[in-house]
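Here, each number is a calculation from the coordinates, and none is a lab measurement. Computed from a predicted structure; not experimentally measured. Note: ideal-geometry Cβ built from the backbone for every residue, glycine included; neighbour counts use all protein chains shown.
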Ligand SMILES: [Zn+2]
C-alpha cells in the first residue's frame, strides 16, 4: 500500500506527529497489559504490532516524509515499536508461565495412592538368618562346606566319637532310613546335626581348615512350640596347628559381636558333646537389657527372662579321636568347633515365640521380614 | 538328678552360710548344670509332734471318721477330727495346730465338723509335701519328741537342686559324685559315703552266702550277693529316708526297696533285692537263650534276645540285668529273707537291652553311663547292714563274689598338655592337684624322666584283658609327640571315672576345675578363605531373584506319603516313586522322603489359601531324595581308629540315595492384584514358565524350552526345559499349569501353576560357562524391521525365533548385525486361516562400524525369513 518513494501525502502527515505516535504506543501498552490470556495477547499483537497497526502504518509513512523529517520520525516510531515489542514479549512470558503453572496444577495427583500391583515376595527368615550368620564366618575367612541331609551313620555318629549304644547317641532321637530288608539297619540316617559336614570337610579339604556349614537337620521330636522334627543349624570348624581354647573364645566373641552387637560379653560353661573335648555351652550377655534386668530395680527382660545371659551355642575343642578318625595327626593339629540353632537365633534376635511359624510357610510370617534380616 | 542340698552337706563340709543359689552356680560352672533350685519345707509352720491319747469312732456318716484326742506336748489333749484309720492310741503323729501353714499356703483353723470342733489337723505325707501317700496319716517313730516342731524334727527345710547330668558323667548320678564336685568347687573336706559303715573286711567271701557265678564276662565283670535273714517285712522306712527319697523323686515302697533306692541315690550303685525263698540253686549271670521269656516287674512278658544279659537261677531267668527285676523273685510284703545283688554290668550291654525292650529304669540309666566297679562290695555291705538294723534281720556274714579280670587304665600325658589345649599356662603343680581332686593317682615326673620320655610317646596304655572294653575305647592316642623330651604324668583314673581314658579327658578336667572363665581370649587369625563358591552364590541369587519377583520362600517338611505321589499322577516305575523310606517315621502316614518339591509346596499353598491369603506365589530350594536304581543302600560302619581309605569313603557315599537340589514354585490367585487401578491379572502358565526361564537366565546355562507333557502337568500347558552340561542336553525340569485332576487332589484353586527345576543340573551347567564376555555397544543407528510370519498353530514360537536368529546370523556378512528378535504380536483368526497363526517379530539390526544400508538390512531379514520357512514352513504374512 505504501511505498518508499510515494509522493508526500499531506493528508496522512498528521499520523506521524509525536503525539499520535505516543498515543498509539500507549494504547498498545495498555492493551498488552490488559491481555488476560495468551489468546488475548495474540489479538493485541495483531491489533497493535501487526501490519495494519497504527505504528506499522506510521512506519510505512516515514518514506513519504520530506527527507529532513525522516530521521526524527524514524527514530520516534522505531522507539515506540520497540517498546511495544518488548512489552509483548514480557507479557507473553508472564502469560506462558501462568499457563504452565495452571496446567501442572491441573495434572496434580494423589501421590499417596498405593501401586502394589505385584504381591511382595520374601526369602524365608531362616534362610536370611542362615546367610547372615554364614557371612559373618565368611568374613572371618571361613569357607562354606556342605553335606547331604540323608547321611551315613558313620559320618553322623561314629566318626564324631558317638560310640555305638552310647547314651549320647540315643539322646539324638534319630530318624533311621530303612534298609533293603525291613529289619536290617541301613547305616543311614537323616542327619541329626550339621556336624557330619565337619567329617566330610576334614576328609576332603587340605589343612589348615576353616569352614562353616549351615544346613537342615532332623530329630524325631514331635512338633510343638519349641521342638520341631526339622530345624537348621550352623557350625564352624577350624583345624590348624596350635589352636587353643583361647582361639575358640576369640572366634566366638567376634561372631557374637558381629551378629548381636558390639561389646557383648560371652560366657563358657562345661558341657558334653562327644566330638569335642573340652566342651562348653556358650551364653552371651543379653543384647537387649545387657544384664540390667538382673540388677536391683532393673526392669524385667522378656528376651533373657531376666537372667542377663542367653544360651546361644555349643562349642569345644575337636576331640582328638575325631581327628584320628579323619586321618589327621592330633599331635600336630588341633581344632575347635562351635554351632548354634538357626531357629533359636531367630527366636532370640526377632522374638519368634513359636517354632511352628518357621515351618508352616504362612506367607504373612515370611513377608513380615522382607528381604533383609 | 534331683539332689537335696542337706544330703550333699552330709559329705561335703560346706559352710552353713553358703546359699543354695551359690551352690548351684558353682556346680554349673564345674560342669554339673543345675537347672532349678527349689526351696522345700520352708513354707510349713505350726506343725508339731503330737501323741494320740484317745480315739472315738464316729458313726452315722458316709465314711468312717474319728474324733481323736491328741496331746501337742502341753499335756492338755486337743480334739481333732480325722478321716484316716491307720493309727492307734499311743501313736505319734504330725499335728497341725490352728494357725499352722501347710505347703501351698494352706492355713489351718479350728472349725466345727462332724458335730465336733476340730482343733487342728493330723497330717498325711502328701499334706506335708513329703510323698504321694494320702491314704493314711503319717505315723512317726515312737521316739519322736512330743511337742517338737515337726519341720525341725524331720529336717524338712531344704533345697532341692535339679541337675542335668551329661551322659559322660555317670558318677554324678549320685550324692557321692555331686558332693565330691561340690567339695572340690569350694575347697572343703569330702567324706566318701562309699567308705562309711563298712565291715572290717568288705571283700570277705563266705560259702554260707547264696552262691553266684558269671558265665559271660563280657556281660558282667563283678557280681556280689549278700544275704539278710529274718527281716520284719512290715518294718517302716525311717521318716528322713522317706523324705529324701521323695525329694529325689522316688516313691516309698517297702523297707527293702527303699533301702536299695536310697543307696543307689547316695552311691550311684543300682541294687536289687530278691526274695531268698523264691531262689533255687546258684545265681548265674549269662546271656539269654533262644526262646526264653521273662515277666518283668511291670507285668510285661518279654521274649528274650540272645544278646540280653540275665540274672538266672536253676529255674531260669530271674531278672534283666541292671534293668528290671522279674515277678517270680520279687520282694513282697511277706519276704523275710533277702538276697541283695550288687553288680557291675556292661554299659553297652545294658544300653542295648534297655533299648531293645524299650525299658529304661533308674538302674539301666546309671549302668549305661558307667558305674564305679569298686562299689558292688561296698554298696551291698551297706544295704545289708541297713536292712538288718532297720528291719530287725540278721546278716549272713561275708558275701558271694564273682568277678572277671579287667585291665587297669593308666594314661601318660605331657605335663603341659592342658596348657596347650587351653591356651594358658597352668603349671605342673596345679595340673597334678586338680587331677588328684578328681580322684586320679598321679605320678609326677622327676627330672630324670625327661630323658626317658624321649623314647616313648604319651597316651593310654591298656593292658590286654577280656571284654569289650579292651578294644575301641582303649585305642591308643599319641599326644605331644612333637614335644619329645617334655615331662609326663602317669595318671591312673579313679574307679568311678571310666570316662577318663585319654589325655584330652584329663585336660578337660583340669581346665573346667580351673574355670572356663580363666581361659584367655585370642583374636581370630584371618584364614585365607575364598568366599562363597560360584555355585553357592548362584543358589543365593536364584532364591533372591524369585523373592524379588513376588514369590515367598517356604521350607516345607520333607516327609510325604505314597499317596502324594499318586496324587501327582506319576505312572508306575516313575523315578518319583523311588522314595527313601524312614524306618521310624513320626507319622506312619508319611514314611517317605520327598522325591519332588511339589507336594510340599502345594500343601503349603492350600494352607495359605485356607488362611485367607488367596494371591500366593511360593518357592522352595532344597534337595529331594531318590533311591539309586540299585535300591536302598547299606552304608558300612567304618573304623574310627584311623582315617578311612578312599575306597571305603567311595563305598560309604555310594550307599546314600541321590539328593539332587531342586528349585520349585507354585502360584495361584492374582499375579497382579486388582485395585483402584482396575482389574488384576490372574496367575497363569506363562508366569510359572517365566519363573523357570528366569532361573535359567540367571544361571547363564545354555538352555532350551519345548513342549512337555508328563504328570502332574496340564498336557497342553507344560513346558520342558533343558540345559546343556558338557555337551549333553539334560532335562532341567518342567513348568506350566497343573493338571485339573492334580489341582483337585491337592485342593488348590483351578489353574494353579507351578515349576520345578533340577538345580544341581543347572548349577553344573552354569559352572561350565566362563565369565560373561561384554557385548560391543555400537553408537551407530539401529535398523528395525518387522516381519509377520504365518505358521501352523502347532509350531512353537521358540522354534520360529530360533530359526530367525540362526538365519539372520548365517546371512552373508551379517555376523553380529542382529541385536535382538522380539515377538510383538500373536494373531489367530480368519485372516490367516484355520489351524494357523501369525507371529509378528521385530528384528533390530546394527553394525558397530557403520550405518546399515537398506539393502543390507533387507538381506538379513530375507535370510532370517528363509530359514524360518525352511525349518517350520513359515510364510510371510500377506505374501501368500
Ligand atoms: Zn535381657
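Helix content alone sets the calculated 222 nm mean residue ellipticity of the protein assembly as shown: runs of n ≥ 4 DSSP H residues at -39500 (n - 2.57) each, divided across all residues, give -9000 deg cm²/dmol.
Given R₀ = 22 Å, what would the calculated FRET efficiency be for residue B:831 paired with residue B:858, taking r from the Cβ atoms and rounding to 0.05? It would help to have the intermediate numbers written out before the result.
On the way: r = 25 Å, r/R0 = 1.11.
The computed FRET efficiency comes out at 0.35.
Taking the square roots of 5 times each eigenvalue of the Cα gyration tensor of the stretch A:14-106, largest first, gives ellipsoid semi-axes of 32, 10, 9 Å.
Figure the gain on full extension for residue A:135 and residue A:100 (residue separation times 0.36 nm, minus the Cα-Cα span) and round it to one decimal in nm.
Details: separation 35, 0.36 × 35 = 12.60 nm, distance 5.37 nm.
Gain in length upon complete extension: 7.2 nm.
Direction-averaged projected area, Cα convex hull, the stretch B:45-156: 6.5 nm², rounded to one decimal. The mean count of C-beta atoms from other chains within 10 Å of the C-beta of residues in A:133-141, rounded to a whole number, is 3. Taking 37 °C and 0.692 mPa s as conditions, the stretch A:192-236 diffuses translationally at an estimated 280 µm²/s according to Stokes-Einstein applied to its Kirkwood radius (Cα pairs).
Output the relative contact order of the stretch B:205-272, whole-number percent, from Cα pairs under 8 angstrom with separation of 6+ residues.
Values: 46 pairs, mean separation 13.2, N = 68.
Rounded, it is 19 percent for the stretch B:205-272.
Averaging the inverse of every distinct alpha carbon separation and then flipping it gives the Kirkwood radius. What is it for chain A, in angstrom units? Write down the numbers at each step before the final one.
On the way: mean 1/r = 0.0356 Å⁻¹.
Kirkwood radius, chain A: 28.1 Å.
Direction-averaged projected area, Cα convex hull, the stretch B:534-767: 15.3 nm², rounded to one decimal.
Just want to confirm a number: the relative contact order over chain B, from Cα pairs under 8 angstrom separated by 6+ residues, in percent. Before the final figure, lay out each step's value.
Numbers: 1827 pairs, mean separation 66.8, N = 880.
Here the relative contact order equals 8 percent.
So what's Rg/Rh here for the stretch B:505-550, counting alpha carbon atoms and using the Kirkwood radius for Rh? Please report the intermediate quantities before stating the final value.
Numbers: Rg = 21.4 Å, Rh = 15.2 Å.
My calculation puts Rg/Rh at 1.41.
Contact order for the stretch A:179-225, expressed relative to its length and based on alpha carbon pairs under 8 Å spaced 6+ residues apart, stands at 41 percent. Taken along the Cα-to-beta-carbon direction at a fixed 7 Å, the label points for residue A:33 and residue B:801 span 6.8 nm.
Using alpha carbons only, how many degrees (0 to 90, rounded to 10) separate the axis of helix B:854-872 from the longest principal axis of chain B? The angle comes out near 60 degrees.
Counting 0.36 nm for each residue step from residue B:19 to residue B:486 and taking away their Cα separation leaves a gain of 163.8 nm. The alpha-carbon atoms of the protein assembly as shown define a convex hull whose volume equals 339 cubic angstrom per residue. In the elastic network of chain A, a GNM with C-alpha springs shorter than 10 Å, the most mobile of A:179, A:74, A:250 is A:74. The calculated FRET efficiency for the pair residue A:257 and residue A:353, based on their C-beta separation and a Förster distance of 25 Å, comes to about 0.45.
Ordered by the count of other Cβ atoms within 10 Å of each Cβ, fewest first, B:262, B:619, B:780 give B:780, B:262, B:619.
Taking the alpha carbon gyration tensor of the stretch A:155-288, multiplying each eigenvalue by 5 and rooting it gives semi-axes of 29, 20, 14 Å, largest first.
Calculate the length of the line joining the C-alpha centroid of the stretch B:159-228 to that of the stretch A:304-367, in whole Å. The two parts, judged by their Cα centres, are 37 Å apart.
If neighbour count is taken as other Cβ atoms inside 10 Å, put B:272, B:714 in order from fewest to most.
On the way: B:272 25, B:714 18.
Exposure proxy ranking, most exposed first: B:714, B:272.
Hey, with R₀ at 25 Å, roughly what FRET efficiency would residue B:355 and residue A:307 work out to, going by the Cβ-Cβ distance, to 0.05? Show your work: numbers first, answer last.
On the way: r = 36 Å, r/R0 = 1.43.
About 0.10, to the nearest 0.05.
Quick one: pull the percentage of alpha-carbon pairs in chain B with a separation above 40 Å. Of all Cα-Cα pairs in chain B, 63 percent lie more than 40 Å apart.
When each of B:143, A:331, B:168 is scored by the number of other beta-carbon atoms lying within 10 Å, the sequence from fewest to most is B:143, A:331, B:168. Helix B:175-186 axis versus longest C-alpha principal axis of chain B: approximately 80°, rounded to the nearest ten. Over the stretch B:783-876, the ratio between the Cα radius of gyration and 2.2 N^0.38 Å evaluates to 1.07.
The modelled label-to-label distance for the pair residue B:792/residue A:23, using points 7 Å beyond Cα in the direction of Cβ, is 9.3 nm.
In the elastic network of chain A, a GNM with C-alpha springs shorter than 10 Å, the most mobile of A:223, A:104, A:359 is A:104. Computed from Cα positions, the angle between helix B:20-29 and the longest principal axis of chain B comes to roughly 50 degrees. Backbone N atoms of the stretch A:231-275 closer than 17 Å to the 7 Å Cα→Cβ label point of residue B:525 belong to residues A:237-252. Distance between the 7 Å Cα→Cβ label points at residue B:109 and residue A:221: 4.8 nm.
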